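Data block below; observations after.
The values are calculated or read from the model by the stated rules, or taken from the named source; none is laboratory data. Bear in mind the structure is a predicted one, so any value in this text is a computation, not a measurement. Heads up, the Cβs are rebuilt from the backbone with ideal geometry, glycines too, and the neighbour counts pull from every protein chain shown. The area values use the complete protein model at the heavy-atom level, side chains included, leaving out ligands, DNA and RNA. Shrake-Rupley method; radii C 1.70, N 1.55, O 1.52, S 1.80 Å.
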Amino acid sequence: MPACERLGIGQFASVPLAQGVLTGKYGNGVPSDSRAAIKGFEWLADRILEPTRLAKVQSLVPLARELGCTLAQMSIAWCLRNPNVSTVITGASRPSQVTENLQALSVVPKLTPEIVARIEAATA
């Protein structure tokens, strides 16, 4: 990152929702319609369901509620607010997910230094 910053090269976030973990949908296990439930993707389910990771995600849920957004929107906004990130590539399997992801733009201004510090403390 420092070299890119010095050279004016933007970074891109290609998996801003951590394979869906930051949507909150794995809080009660692997939904049958998720990619982690597909045969051959057991490695992904194991990674997603790692207890420490899930606990960190759950600790972010109240903060997203406080901001009046979804966990996914807050996560994408967190990437967007980084001045070194020029692009955030989101995946979506349904049109409604595209709509939700785009609403992250309205969350970026809500990410004050205090909120960012709370996010980073929760995920440290």
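General observations
- Total residues in the stretch 71-85, condition in contact with a Cys (Cβ under 9 Å, 6 or more places away or on another chain) and polar (S, T, N, Q): 1
- Failed criterion for C69 (all others in (1) without any contact (Cβ under 8 Å) to a residue 60 or more places away in the chain; (2) open to solvent by 60 Å² or more (accessible area, probe 1.4 Å) hold): (2)
- Residue check, S14 over 22 Å from V98 (Cβ atoms) and of a type in the set (S, T, Y): no
- Restricting attention to the stretch 1-58, the residues that are over 20 Å from L71 (Cβ atoms) and acidic (D, E) add up to 3.
- Among the candidates A64, A77, A37, residue that is free of Cβ contacts under 8 Å to residues at least 12 places away in the same chain and open to solvent by less than 40 Å² (accessible area, probe 1.4 Å): A64
- Options S86, S75: the member that is in contact with a Phe, Trp or Tyr (Cβ under 8 Å, 6 or more places away or on another chain), under 30 Å from A3 (Cβ atoms) and of a type outside the set (D, E, K, R): S86
- All positions within the stretch 97-112 that are closer than 8 Å to Q73 by Cα and either in contact (Cβ under 8 Å) with a residue 40 or more places away in the chain or in contact with a strand residue (DSSP E or B) (Cβ under 6 Å, 6 or more places away or on another chain) (or both): V107
- In the condition set (1) more than 29 Å from S106 (Cα to Cα); (2) assigned to a loop (DSSP other than H, G, I, E, B), P31 is compliant with all but (1).
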